[in-house]
Structure formats: C-alpha cells, structure tokens
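Take a look at the structure below.
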Amino acid sequence: MDTEFLQTMLLTFKLASITTVLLLFIGIPLGYFLSQTSSRFKPIIEAIVSMPLVLPPSVLGFYLLLAFSPKNGFGAWLDTNFDLRLVFSFEGLVLASILFSLPFMVHPIQSGFSTLGKSLKEASFVLGKSRLQTLWFVLLPNIRPSLLTASVITFAHTVGEFGVVLMIGGNIAGETKVASIAIYDEVESLNYSLANQYAFTLFVISFAILLFVYAVNKSMMRSEFR
Amino acid sequence: MIHINITKPLHTADGTIDLRVNKEIHKGDFLTLFGKSGSGKTTLLRIIAGLETPKSGTITVDGEVWFDSEKKINLSPQKRNVGFVFQDYALFANMSVRQNLEFALADKSKSKKVDEILEIMEIQNLSNMKPQELSGGQKQRVAVARTLMTNPKMLLLDEPLSALDSAMRLKLQDELHAIHKRFGITSILVTHDISEVFRLCNRVFKISLGEITEDSTPSKVFSNQNISGKFKIVGEVLSIKKSDILYIVEVLANNEIVKVTGVQSDIKNLNIGDKILLSSKAFNPILTKI
C-alpha cells in the first residue's frame, strides 16, 4: 500500500470525524429547538436545513466557492482579518461538509426529540431541574438511538461526498484530496487498480458502519423495551 | 391556603371558551376537579404547576405570589415545588426506579430519603428495575414516590389511575388516601370517576365549559338532595331492556352487575354509559362481616 493511498484515506476519515463532532454540537441545539418551537419561522429554518438534500452538491459548492474566494468580499475579509483561506483548504472542506451534512445530523435528532412525550420534560421541570439539566440527564439519554444514527449517517455521508469537495477543495494531496476524489482522479488517468483499491475500501467501510448502527440500535431497543 | 383567580382562553372542539376560576383551596384539602373532557380540568392543574400561563389574574400560595399578570410575576415550574403525577407517569426510561427518585433530590447527599420513600410506597423490591419493566400500577406508585422526594407543597394528580384496571385502581385509591393522610399534602385530583371522588376527596369542583358550577362535598355534588335515601351507590348503566311494561336496567356498581327495574319515566333520560345513583330506603341493608 503506498503512502498516498494511506494519506488520502486518513484525510477522508479526519474530515468525516471532525465534521461529525462539530455537527453534533450544532445538531443537538438546532434539533431540540426545531422539535420544541411553534414559531412561524420554523418552516423557513426547516427548509434551509433540508436544502442540501435536494440541491445538487455542485450548486452548494459553486456558491461556497464564490463566497470563500479571496477575490470577493467575504473571502477577502477572512483573508485579511484572520489569514483564513477557505478555498482549496482543509478548513474550507470542513465548513462545506458541515453545511452539506447538516440535514443528516439534524433530522434524526429532531425526530428523536419529537417522539419523547412532552410530559418527560415537564416532569423534570416540576422536580426543579433546569432546561440544561433536563436536556442532559433526561432528554439526550432517551434519544441515544437517534444520536447514534445521526452521527453515523453524517460520518458516512461525509466520507462519500464528492461534488462539494471537488468544487471548493479541488485535488491537493494531503490537504483536500479525499477518497471519493481520488477514485475519480485515478479513473481519469486510467489507473483502474488503484481506483478499485479506493472504491473497495469505501465499500467495505460503509457496509461495516451501517451494519454496526443497525446491530447496536437493535440491541439498544431490546434493552429498553424488554 | 391557595388563592386562585385566573382566566385563560381554552380552545376546545366546540370553539373557544374561557376558563374562569376564582377559588380558595385550604391546606390539607383533597380536592377533585370533575367534569367532561375539554372542560378545563387539566388546564387548571397545569396552570397551578406553572406549565401553562393564564391570560390574566393571580395565584397566591401561602402568601407567596406565584402568578400576577399585572405585576408580571410568573414563577417557573422549577420554583413552585409542586408534585405532579402525569397521566402517562413520565418516568425517565434511562434511569432505574432508584435513579428516578434520586434525580428528584436537590441535595444528592440526602440519599437516605430515597430508601425512606421506597419503603413508604412499598417499592423497595423495584428499586433496580427500569420503568419499562414495571406494570401500570407499579409505574403509578413510582411516579407518586418521585413527587414525594421534593417535599412538595401540593400534589397534583392528572387522572393518575385512568389507565389501570379496576382492582388495581381500588388498591391505589387506598394508597393515595393513606399518603394524603400521612403527609397532609394539599392534593388536587383530576378524574372522571365518581367512585374515586367519593373514596378520596373532601371537596369537589364541578367544571363545565370552563366555569366551576358547583363547589361542595362529594355527597352534596353528586347526590340528588331530594332523596333521603338511607343507602346510595354510584354506578354506570350497562344496558336497558324492555320487559313487558317495565324496563330492566343493568348497572355496574362497585365492580358488580346489578339488575334494577324501572318504569318509562325512570329511563326517559337514561343512556348507556350514564353515571347514576342507586338508592334505597325501603329496605334495611344487612351488614355481614367478611
């Protein structure tokens, strides 16, 4: 196995791990808010969160490319004030992946919270517990299967993302070249055996991840609804 | 002493009505809120707990203002220290029975209290079980036990026995009665079950379309005062059959089916499922110890 292959796979999983962890911190408050609110802005927020599900990844990638480009206002501002260049960089990939995988994290968490009865939260309030204590000790532990599903699907989806990554990350080895890009790259240069090595690795890992989720979720359900 | 003077619009199947309550509840009362679904019973309970906000008015408990719409005071449910038993019990599925009780403690060092309450409620043997392993009656006991952990000022019970079979219901009625006696906690019970009212409560608010239409003792509210009956049982009509010139009405009373004859005028306004009062004064009931 050559070092570039390993480097690319490591980068892929590093991107997916960082994206998943950051999205958990965003997805829990956002999912909780959406499950509780009856605000008239709720449909708007829900629509924005779900956009990546229907948009071609290249659309999102294209607009991110424009926004982050140092030639344009926002990108130039980031560049001069924070020395941060989000185009063709790992940081840019993380941000784009967060946006693109947002619905995969938020939807399961939101529906998990929605299925918990209102009385659970209220019982905790009446017992004198704050919102934060209630969220941490009562609500989150009771949606463990949703949290697991959300994290794993987000992780797997980030590993498999192609369009956004290609648009704003490009193909810089060790910086933005992830496995899905590498496959395309190797096929372009007719290097089918290396493409197959990437493809098969992704195939096996994706299957293993999903198998793990379903097996764990099943045993969680069993222990809770004996 | 609890003083409640509030209004709150209720959105019911028959349109919007106003819930209006202006009452005093005395310390140690066991009060029932009785009325049809949608009359505002549960809403009143939730308003007292702070889970819903009235449109206007005041709530004062032992001189402490819990709600005052003019002064913009609205104490959060966390600060009211009431015990609330939900219809679905709302036990935390991720915690064992013991952990459910411990969670309610403000001061974790007082875990002796957990054992004390487990013993009083006779649920020590369930201590390590998860809520989903318990029967309905056991869940109900755990839910009551959990509310007792915070030494609440008031116990609010939202149809706590409605999901149980009648034998379990009778047993738990006795237990609620015993708890009320032991702790002397002012208790408010929402129920549709008249026999429950008679067994537990000393005062009834009959609520209809958001208004309290009657406020008295159970026997005054539910008995027709024209009858000077020596003995009365509350029952439910199961069937009405015509037999020659008479009607035979089957009544479920205290878990037994009683056949009662009636004439046309008796059954005129009677429907299956109606709650009725059986009374008799011509016969002497016979007492037999069992």
Considering segment A:176-208 alone, what residues qualify as being surrounded by fewer than 15 Cβ atoms within 10 Å (Cβ to Cβ) and of a type in the set (D, E)?
A:E188
Pairs only if they're at least six apart or on different chains, beta carbon under 7 angstrom, first in segment B:151-178 and more than 30 Å from B:M1 (Cβ to Cβ), second in a loop (DSSP other than H, G, I, E, B) and not polar (S, T, N, Q); list them, first residue then second.
B:R169/B:L161
Residues (assigned to a strand (DSSP E or B) and either of a type in the set (K, R) or under 23 Å from B:Q87 (Cβ atoms) (or both)) located in segment B:1-22
B:I2, B:I4, B:I6, B:K8, B:P9, B:L10, B:H11, B:T12, B:I17, B:L19, B:R20, B:V21
Report yes if B:T60 is among the β-branched types (V, I, T), within 20 Å of B:L155 (Cβ to Cβ), free of Cβ contacts under 8 Å to residues at least 40 places away in the same chain and crowded, with 16+ Cβ neighbours inside 10 Å, otherwise no.
no
A:L116: passes all of (1) touching an Asp or Glu at 6+ places or on another chain (Cβ under 6 Å); (2) within 14 Å of another protein chain (Cβ to nearest Cβ); (3) in contact (Cβ under 8 Å) with a residue 24 or more places away in the chain but (1)
Take segment B:187-207 and flag every residue that is of a type in the set (D, E) and in a helix (DSSP H, G or I).
B:E196
Restricting attention to segment A:82-117, which residues are of a type in the set (G, A, S) and under 24 Å from the mean Cα position of the chain (by Cα)?
A:S89, A:G92, A:A96, A:S97, A:S101, A:S111, A:G112, A:S114
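Here's the yes/no breakdown for (1) in a helix (DSSP H, G or I); (2) within 19 Å of the chain's Cα centre (by Cα); (3) within 14 Å of chain B (Cβ to nearest Cβ):
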{"position": "A:L139", "(1), (2), (3)": "yes, no, yes"}
{"position": "A:A150", "(1), (2), (3)": "yes, yes, no"}
{"position": "A:M167", "(1), (2), (3)": "yes, yes, no"}
{"position": "A:I172", "(1), (2), (3)": "no, no, no"}
{"position": "A:Y184", "(1), (2), (3)": "yes, no, no"}
Somewhere in segment B:103-120, is a residue under 25 Å from the mean Cα position of the chain (by Cα) and within 13 Å of chain A (Cβ to nearest Cβ)?
yes
Taking segment B:91-101 and keeping residues more than 9 Å from chain A (Cβ to nearest Cβ) and either within 20 Å of B:L155 (Cβ to Cβ) or not charged (D, E, K, R) (or both) leaves B:S96, B:V97, B:Q99, B:N100, B:L101
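Let's see how each residue does on (1) crowded, with 20+ Cβ neighbours inside 10 Å; (2) at pLDDT 95 or above; (3) in contact with a His (Cβ under 7 Å, 6 or more places away or on another chain); (4) within 29 Å of A:N81 (Cα to Cα):
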position	(1), (2), (3), (4)
A:T3	no, no, no, no
A:T8	yes, no, no, no
A:K14	no, no, no, yes
A:T19	yes, yes, no, yes
A:F41	no, no, no, no
A:V59	no, no, no, yes
A:F62	no, no, no, yes
A:L65	yes, no, no, yes
For A:D79, which of the numbered conditions (1) over 27 Å from the mean Cα position of the chain (by Cα); (2) at pLDDT below 90; (3) among the acidic types (D, E) fails to hold?
(1)
When you check B:D88 against the structure, is it closer than 22 Å to B:L157 by Cα, surrounded by fewer than 19 Cβ atoms within 10 Å (Cβ to Cβ) and within 8 Å of chain A (Cβ to nearest Cβ), yes or no?
yes
What is the one condition in (1) in contact with a strand residue (DSSP E or B) (Cβ under 9 Å, 6 or more places away or on another chain); (2) closer than 29 Å to B:F198 by Cα; (3) among the hydroxyl-bearing types (S, T, Y) that B:Y89 does not satisfy?
(1)
Which one of these is in contact with a Pro (Cβ under 8 Å, 6 or more places away or on another chain), crowded, with 23+ Cβ neighbours inside 10 Å and within 19 Å of A:L53 (Cβ to Cβ): A:A96, A:A150?
A:A150
Does B:V260 fit the bill of being farther than 26 Å from B:V82 by Cα and without any contact (Cβ under 8 Å) to a residue 60 or more places away in the chain?
yes
Which one of B:L189, B:L161, B:L156 is within 12 Å of chain A (Cβ to nearest Cβ), under 13 Å from the mean Cα position of the chain (by Cα) and crowded, with 22+ Cβ neighbours inside 10 Å?
B:L156
Kindly indicate whether any position in segment A:121-135 is away from chain B (no Cβ under 14 Å) and not in a helix (DSSP H, G or I).
no
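The values are calculated or read from the model by the stated rules, or taken from the named source; none is laboratory data. These numbers come from a predicted model, not from an experiment. All Cβ positions, even for glycine, are placed from backbone atoms using ideal geometry, and neighbour counts span all protein chains on display.
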